[in-house]
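Below is one structure, written out as structure tokens; the observations come after it.
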Amino acid sequence: MKIVLGFDDSPHALAALRWITRQKWPVDTRVTVVSAVRTPVSAYAEVYAPAVPYPTELVEEVTRHHEELCMKAEDELRKAGFATGVKVLAADPREALVDTAKSENADLLVVGSHGRTGLSKLMLGSVASHVVAHAPCDVLVVKRTTP
């Protein structure tokens, strides 16, 4: 079985990871941990303002942060007996997850739900809603339970 896990630094992603490790899976199950670093977008107050390049160092730092998160998730999955892989992609998380599920020929895509509603969902979008609608495989959305 091939599983793609959408992962970031949220408690919702951690809940999805822990859900995977608690389930019984076939012996040869492989989990690919995917994290996406959004391309920075600059906003300008004036129409005629020149474009200012986004600091490369900042993008590299954010990418390293995502790589470290994924390595920790990968370590936890390996300890639970899974074959693993990691992909940190410079992309929109929604497209990164759908594209990886396609390229990996995944059987299941697992994401955590932030549970946004109303205006915050409209403004920030929903990765879970997008992957449910566009993934080529089954999608499991793990809801984080409040303590």
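None of the figures in this text is laboratory data; all of them are computed from the coordinates on show. From a predicted model like this one, the values you see are computed outputs, not experimental measurements. Here the Cβ positions follow ideal geometry from the backbone for every residue, glycine too, while neighbour counts run over all protein chains shown.
Values as computed for the structure displayed
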quantity	calculated
Relative packing of peptides 82-90, 62-70, 24-32 - highest average C-beta neighbours within 10 Å first	82-90, 62-70, 24-32
Anchor Lys72: aspartates and glutamates whose Cα lies under 20 Å away (excluding residues fewer than 8 positions away in-chain)	Asp8, Asp9, Glu60, Glu61
Interchain or long-range residues, amide H under 5 Å from Leu5's placed H	Thr32, Val33, Val34, Val110
